[in-house]
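S.K.: Before we start, here is the structure in question, set down as structure tokens.
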Amino acid sequence: MDRRQFLQTGAASGMLLLKPLTAFGYAANSAVRHGLLGCGNRGTSVAESFSKKTSAQVVALADLFPDKLELGRKHFDELNASLGRPAIDSKLQFHGPHAFEQLAASKEIDLIQISTPPFFHVEHLETAVASGKHVYCEKPVGIDIRQAKHALEIGKRIQSSQSVDVGFQCRSAPPLAAVAERIHAGALGKIAAVAANYNAPASTEKKPVGTSPDEYRLRNWLWDRALSGDILVEQNIHIIDLCNWLLGDHPLKATATGGRNILTHFGDCWDNYQVDFTYPNDVHLSFSSTQFGDDGTFDAGLKFYGANGMATVPYSGPVQITGTQAWTWQDPDAPAPGAGSGMGRFAANGAFSDNLAFADRDKERTFVDSITSGSSHNQIAAGVETALSCMLGRMAGLTRREVSWEDLLANGETYQLGLRLEQFS
Ligand SMILES: NC(=O)c1ccc[n+]([C@@H]2O[C@H](COP(=O)([O-])OP(=O)(O)OC[C@H]3O[C@@H](n4cnc5c(N)ncnc54)[C@H](O)[C@@H]3O)[C@@H](O)[C@H]2O)c1
């Protein structure tokens, strides 16, 4: 499958498909009834952000485990009360292995947010899309080649009235959107090479008393390659997504190495990868990643080297271009010099360092606008393209040989869950 075929699905990176009418005929300020599938860390924080920053209102919850559902219920009942909204109806609280189907069958919701572990995304996406509801699906869209191809088929079934977004919020971060606009306009001239890294701490072990090995595995999915896709596909995907977006294409081939040099606990995910991705025009992305430890050290970003200059695109720190079209991101809301905390003036003084501060907010607003305005999105093919790019690096690392895009599509690995979810009925 080449880029043209991706584009033919009508869902290329950043491209929005405009539709004349909305599916549900929303009035400008009416609430979008929001059902959260997967009441964990990310799901809860994104759903809360939707509630506070957009017209979406959490009215339904679903999770495999009753204790997670109950935590979600308490959280959103308190949040809804603080926003003057009703508590979650007990009829709209679902748990067990069929919770996602019950949520999708409900007539009381308009939007399903899929925030379950990556292995389940495509299965949950299929059911959510078939229900005709709008969908916000966390990355990655698929952890293996079979799921990726299945997701592309599902993407073609999305109705013109449905809006489906993938959780790549970094593209919505104002500083990153601003530098992207300049790079796309040619500020760097011909790009020669890219260097990027993603160095993060590991998550802490979740070990509730009395759980079975299967439940332990599900709750610690982040360390399990079948459930997560490994660190390249699950976490580092944000950086690869930014690179694909900024270069306007996906990698054609990769070589890689890496391993599990530090981690000794449960799981088979690697704790480091070094990947050389080759993009069109022989542009190489040299990517390195580590994920272990608990000292909180987090460092991620990209550098683009072009004939006319260099772009620095970090998660934290100044976003800037040096060279003939020198430019530095300035937060338009920054206080005047000496006017207080200095928040927002990170480019000048380093005081405010989080370039992703408004990424979730802006991503969610754009998505809800697409629902209420009827200008539907379909980001599945773009999401799959990025997931496949990460799978390319993973396959190159695991097989210790150069892997081409075509090789990945023809021979990429597939993973089995290896446990029965029915035991959690
Ligand atoms: N976009 C981002 O920046 C970002 C950040 C963090 C996580 N994520 C993604 O969000 C998703 C969730 O991550 P998290 O950190 O919240 O994990 P988590 O473990 O905290 O939450 C996952 C929840 O899903 C539930 N669950 C597991 N299997 C299920 C199933 N089959 N059906 C229904 N519920 C099920 C779990 O009980 C849990 O409550 C992952 O896909 C992750 O990659 C995205």
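S.K.: Quick one: accessible surface of Tyr305, probe radius 1.4 Å, all protein chains present, in square angstrom to the nearest 10.
M.R.: My reading of the accessible area for Tyr305 is about 90 Å².
S.K.: May I ask which residue of Ile371, Thr322, Tyr415 lies farthest towards the positive end of the charge dipole of the chain, with charges of +1 (Lys, Arg) and -1 (Asp, Glu) on Cβ and the Cα centre as origin?
M.R.: Going by the Cα projections, it comes out as Ile371.
S.K.: Carbon and sulfur: what percent of the chain's accessible surface (1.4 Å probe)?
M.R.: Solvent-exposed carbon and sulfur of the chain make up 52 percent of the total.
S.K.: What length, rounded to one decimal in nm, is gained on full extension from Arg260 through to His98, with 0.36 nm per residue of separation minus their alpha-carbon distance?
M.R.: Gain on stretching Arg260 to His98: 54.8 nm.
S.K.: Out of the chymotrypsin sites (Phe, Trp or Tyr not before Pro) in region 154-222, which ones are loop residues according to DSSP with at most 13 other C-beta atoms within 10 Å?
M.R.: Sites meeting the loop and neighbour criteria: none at all.
S.K.: Loop-only GluC sites (Glu not before Pro) in region 389-423, please: DSSP not H, G, I, E or B, and at most 13 other Cβ atoms within 10 Å.
M.R.: Glu402
S.K.: Can I ask one more? Give the distance, in whole Å, between the Cα centre of region 30-85 and the Cα centre of region 165-235.
M.R.: Spelled out, the Cα-based centre of one part sits 23 Å from the other.
S.K.: Quick one: accessible area per residue over region 181-241, 1.4 Å probe, rounded to a whole number of Å²?
M.R.: Computed with neighbouring chains in place, this is 39 Å² per residue.
S.K.: Is the shape of region 244-300 rounded, prolate or oblate, going by the alpha carbon gyration tensor and its root eigenvalues a ≥ b ≥ c, with a/c under 1.5 for rounded and a/b larger than b/c for prolate?
M.R.: Taking the square roots of the gyration eigenvalues as a ≥ b ≥ c, region 244-300 is prolate.
S.K.: Based solely on its DSSP helices, what 222 nm [θ] is calculated for the chain when runs of n ≥ 4 H residues each add -39,500 (n - 2.57) and the sum is averaged over all residues, nearest 500 deg cm²/dmol?
M.R.: Using -39500 (n - 2.57) per qualifying helix, the result is -10500 deg cm²/dmol.
S.K.: State which entries of Lys68/Lys107; Lys53/Lys74; Lys74/Lys206; Lys74/Lys303; Lys133/Lys253 exceed 32 angstrom in Cα-Cα distance in the structure shown.
M.R.: Lys74/Lys303; Lys133/Lys253
S.K.: Here's a follow-up. What share of all Cα pairs of region 165-210, in percent, falls into each consecutive 5 Å distance bin?
M.R.: For region 165-210, the pair-distance distribution reads 4, 13, 12, 18, 17, 11, 8, 6, 4, 4, 2, 1.
S.K.: In the chain, which longest range has no trypsin sites (Lys or Arg not before Pro) that are both DSSP loop (not H, G, I, E or B) and surrounded by at most 16 other Cβ atoms within 10 Å?
M.R.: The reported range is 261-399.
The values are calculated or read from the model by the stated rules, or taken from the named source; none is laboratory data. All figures in this text were calculated on a predicted structure; none of them were measured in a lab. Using ideal geometry, Cβ is built from the backbone for each residue, glycine included, and neighbour counts are taken over all protein chains shown. Please note that ligands, DNA and RNA were not included when accessible areas were found on the heavy atoms of the full protein model with its side chains. Shrake-Rupley method; radii C 1.70, N 1.55, O 1.52, S 1.80 Å.
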